[in-house]
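Novice: If you scroll down you'll find the structure; I have some questions about it.
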Amino acid sequence: MGEQDDIGQRPALRSLSGRRLETMGRRRFITTLAGAGLGSMAALLTPDDVRAAGRDEVPLVYGHGRDFEPLTTTVPADWFADLRAAFDAHDRLDLLSRSGVVGSAVVPGEFGGRNAALAVDVTDDEATGSVPERVGDVAVEVNRVESTASEQRTESGDASFDGNHIPGSVECGSKDAFATLSPAMYDGETPFFTTSNHLYGDDGEQHRGEPFYVKRRDGWRKVGEVRRGYALDDFVRIDPVNGAVPASAIDGSSPSVVMGQFTRAGLARVKAHGSKLKKRAVVSGFTSGAIQAIDGMTCAYGTVCKHGQLKWGSQSSFTDGDSGSVSYHPDLERPEDGLLVAGMNNARTWWPGEDYIWGTAAYRLTANHGFTFSPPTAGAP
């Protein structure tokens, strides 16, 4: 389910006429699209998707809906090629070997505006001198930051739901701390509860079998038990108990139904349009903000570097107790149908020089672990 090659090499589809598509076998169709620069997206596209693209456009898989079905749109071909170049440059730039470099990310370009770039976080002037100004045609922007100890966490909040179906964005907790519940995550057709792994400390794996609670109007209720923690991507898998059902919904949002998740390229498309992501969390409530960068890597938090990070919004919109909330946006083509998850919010910047919320993008969780926010059609709440 990986998406690391979701951006191809040469987005040139003008030679694919409608007649050729009609007579082309599926294998040749996929091979032709992959060769034209659409990478792994080629296997998810149909002839109708290609026909929908104008002369200077390419089809794009921007997300996955129910049953992980691909959601498609069209984007300018030059923007797509520019985005692909930025992802390729990010992959080629060997940042971890450079002393003082603590993070990097891709800043997608805008439709008809600035080109995509790389943003690199450094902690000293020596590191600044070791980072190139460009990688090929892709500009590199260097930000001076300070790396400090991790955030302190005290959690509190309120919830206003009843019933066994429990939506995301309500207050949840372990025996010792509190956080915000994510909407249901799925292992195929099986839903489970999830929130930030650091609710159980640095290693949720050591907390297997521990109780998990949510706050209702009538008090705290045990709804799950820890099955496994994933410290690197900072989420924990919790099996439901006592008749509790994880729901694909965001409490209090309108629309509230979670229908799927964004791809990496889909996040770039959201930024290119200037659209804002939203979240609802236990303490800070509803906030919104623009995507700053995607495909991020950070070494400023914890003992290992984290990849697949989404940077968005402002640190003032995130506080202790909000960890585990998700960033989301209505479906790009059918906003009334429901919401697509962008990523899980795990932290905010606490160092000078940077100002955003960050956490692991949904596509990264799928690529690494096979889990999704896309519910099955049958029996979905």
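The values are calculated or read from the model by the stated rules, or taken from the named source; none is laboratory data. Note that the structure is predicted; figures quoted are calculated from it, not measured. Please note: Cβ atoms are built from the backbone with ideal geometry, for glycine as well, and neighbour counts cover all protein chains shown. Surface areas here come from the heavy atoms of the whole protein model, side chains and all, with no ligands, DNA or RNA. Shrake-Rupley method; radii C 1.70, N 1.55, O 1.52, S 1.80 Å.
Novice: Pairs please, first residue from segment 183-200 and small (Gly, Ala, Ser), second anywhere and modelled with pLDDT of 95 or more and assigned to a strand (DSSP E or B), Cβ atoms under 6 Å, 6+ apart in sequence or on different chains.
Specialist: Ala184/Pro191; Ala184/Pro246; Ala184/Ala247; Ala184/Ser248; Ser196/Ala179
Novice: Further question on the same structure: Please tell me if Val120 is among the aliphatic types (A, V, I, L, M), more than 29 Å from Glu333 (Cβ to Cβ), touching a strand residue (DSSP E or B) at 6+ places or on another chain (Cβ under 6 Å) and in a strand (DSSP E or B).
Specialist: Criteria met by Val120.
Conditions (1) in a strand (DSSP E or B); (2) under 19 Å from Gly308 (Cβ atoms); (3) open to solvent by 10 Å² or more (accessible area, probe 1.4 Å); (4) acidic (Asp, Glu), marked per residue:
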residue	(1), (2), (3), (4)
Ser182	no, yes, no, no
Thr194	yes, yes, no, no
His198	no, yes, yes, no
Lys215	yes, no, yes, no
Gly224	yes, no, no, no
Leu232	no, yes, yes, no
Arg237	yes, yes, yes, no
Asn242	no, no, yes, no
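Novice: Just name the residue that is farthest from Gly324 (Cα to Cα) out of those in segment 215-262 that are under 22 Å from the mean Cα position of the chain (by Cα) and polar (S, T, N, Q).
Specialist: Ser254
Novice: Separate question: Hey, among the residues in segment 7-56 that are modelled with pLDDT under 60, open to solvent by less than 50 Å² (accessible area, probe 1.4 Å) and closer than 21 Å to Ala85 by Cα, which one's nearest to the chain's Cα centre (by Cα)?
Specialist: Ile7
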